[in-house]
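The values are calculated or read from the model by the stated rules, or taken from the named source; none is laboratory data. If you're wondering where the values come from, they're calculated on a predicted model, not measured in any experiment. Glycine also receives a Cβ, built like all others from the backbone with ideal geometry; neighbour counts cover every protein chain displayed. In case anyone asks, the SASA skips ligands and DNA or RNA and just uses the protein heavy atoms, side chains included. Shrake-Rupley method; radii C 1.70, N 1.55, O 1.52, S 1.80 Å.
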Amino acid sequence: MNPTNDDGAILAIQRPHPKLWTYYLLKCLAIPPAFPVLVLPMYFRYHTLRYKFTDEGISMSWGILFRREIIIHYARIQDIHLRSNIIERWLGLAKVLVQTASGNAAAEMTIEGVLEYEAVRDFLYSKMRGVRDRTHAPSSALTGAAAAADAAQSSELAAILREVATELRLLRTELTAKSVEKNLGSDDV
């Protein structure tokens, strides 16, 4: 998969938009007595939050004392959701929730502070589908001899299936004939 111009913009995202810090401040101001306690963790989270989009997957890291890092390969992604509350919509933000088959009901990664959230979602969907399509599609790098062998094997399989279908038709015809004979024989009695 060659990255397009939009993919290049997504691959370049490394930090959240400054509007995320505004959102964090408004969130902390919702409970005025707890503001001094809540604002410090939010400040450190905002200033240490980093994203890295690569061809293999996405990683997200944050924290000073307790450093956390989440890495998700595109092949593991099961579903992607967008979520935003009224304040986030007012600021032009949304959260991109990335779910994997980890058995956890919550999202494994929440990408926040990105203005291009719909483009990020579409990018992740295309990468997720691209990984799955490559694993199920035949290799385009088959050599001439390998392609010829594959074609010969396919035609041999088709011939065997035609032979089986012919035998099944003959068997059905014989069973129908015996059933008709049996019914005619019981009508004579």
Whole number in Å², please: accessible area per residue of the chain, 1.4 Å probe, ligands, DNA and RNA not counted. 68
Given 0.36 nm per residue, what is the gain on full extension from residue 122 to residue 102 after removing their alpha carbon distance, in nm? 5.0 nm
Of 61, 155, 102, the most mobile residue in a GNM of the chain (C-alpha springs, cutoff 10 Å) is 155
Diffing segment 88-105: the Karplus 3J(HN,Hα) column from phi (6.51, -1.76, 1.60, θ = phi - 60°), in whole Hz with x for Gly and Pro, holds 4, 5, 4, 7, x, 10, 7, 9, 9, 9, 10, 10, 10, 8, 7, x, 8, 6
Would you indicate which of [x] 15.6, 52; [y] 14.6, 43; [z] 29.9, 101 is the value of Rg and Dmax of the Cα atoms in Å derived from the coordinates of this structure? [z]
Per residue of segment 173-181, in order, report the coupling 6.51 cos²θ - 1.76 cosθ + 1.60 (Karplus, θ = phi - 60°) as ³J(HN,Hα) in whole Hz, putting x for Gly and Pro. 5, 5, 5, 5, 4, 5, 5, 5, 4
Tell me which residues come under 5 Å, amide H to amide H, from residue 94 once H is placed; ignore anything under 5 positions away on its chain. 113, 114
Just from its helices, what would the mean residue ellipticity at 222 nm be for the chain, if runs of 4 or more DSSP H residues each count -39500 (n - 2.57) and the sum is divided by every residue, rounded to the nearest 500 deg cm²/dmol? -18500 deg cm²/dmol
Degrees separating the helix 35-48 axis from the principal Cα axis of the chain, which is the longest one: 60
With all protein chains present, the chain has a carbon and sulfur share of its accessible area (1.4 Å probe) in percent of 59
Rounded to a whole number, the Stokes-Einstein D of segment 1-98 in µm²/s (Kirkwood radius over Cα pairs; 20 °C; 1.002 mPa s) is 140
Taking residue 19 as the anchor, which aspartates and glutamates have their alpha carbon closer than 19 Å to its alpha carbon, excluding any fewer than eight residues away along the same chain? 88, 112, 116, 118
Efficiency of FRET between residue 149 and residue 54 - r from beta-carbon atoms, R0 41 angstrom, step 0.05: 0.70
Give a quick list of chymotrypsin sites (Phe, Trp or Tyr not before Pro) in segment 48-86 that DSSP marks as loop, anything other than H, G, I, E or B, with at most 16 other Cβ atoms within 10 Å. 66
Span from the segment 82-121 Cα centroid across to the segment 1-75 one, whole angstrom: 11
